[in-house]
Amino acid sequence: MIKRRLENPWARMGLIAGIEVALLLGWYLLYMRPTQARIDHLRQQRLLLTGKVHGAEMAAIQVRRLQGRVDSLEAALDGIRARLVESKSLDEVVAKLAQHARTCGVAFTSVEPDYGVLVEGKAEGPVVRLPLRIQATGSFFSLGRFLDKLPEMDFFLEPTGTILQYDPGLYPKLRIYLSCLLYLRGSELPASGSAGEAGAQQM
């Protein structure tokens, strides 16, 4: 009976079509579907890695920007640190200040620091403000030149008060009483580069 059916061309075509459908279905189930699933999985992994790479690139850009800011701040801090006076160099600084005053037409007669800051143990912290009382003679315009050029000095000196006194014996010069603050390096201020070295050691 089967042989008789196979003699029918339509039956043979149906059988062939059924076999082809079965083969296609088997190929799809055994090869195509797992392969497609593997391709989808790999695509997801690629997207995930691409996102991580992008995130890493953005993080690297942020790290470079932060490092630039850190370098800039460290350079500024080094510049400030270099202009802070060591207490042992006070005589040298006063000599520089007196020389600067002479070039501006101001003559110092006395410079008196607040010894309580230096001797009585008040010089604590990273930066110490040492009061100075300066007596000098000079003209009004000479004093103006002196004060205008103070920022050019290699140390920080902040004027806090000025008194000008007329003296007939000094005319046309005046007696000058100047109070100011000299900024010293305190005991708690780290040396240049020590902060960076400490960070490197921690890493």
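Heavy atoms of the protein chains alone define the surface here; on that basis the stretch 147-186 has 61 Å² accessible area per residue at 1.4 Å probe size. Amide hydrogen proximity for Met153: with H placed 1.01 Å from N in the peptide plane, no residue at 5 or more positions away or on another chain lies under 5 Å.
The values are calculated or read from the model by the stated rules, or taken from the named source; none is laboratory data. Predicted, not measured: the structure shown is a model, and the values here were computed from it. SASA here: full protein model, heavy atoms, side chains in, ligands and nucleic acids out. Shrake-Rupley method; radii C 1.70, N 1.55, O 1.52, S 1.80 Å.
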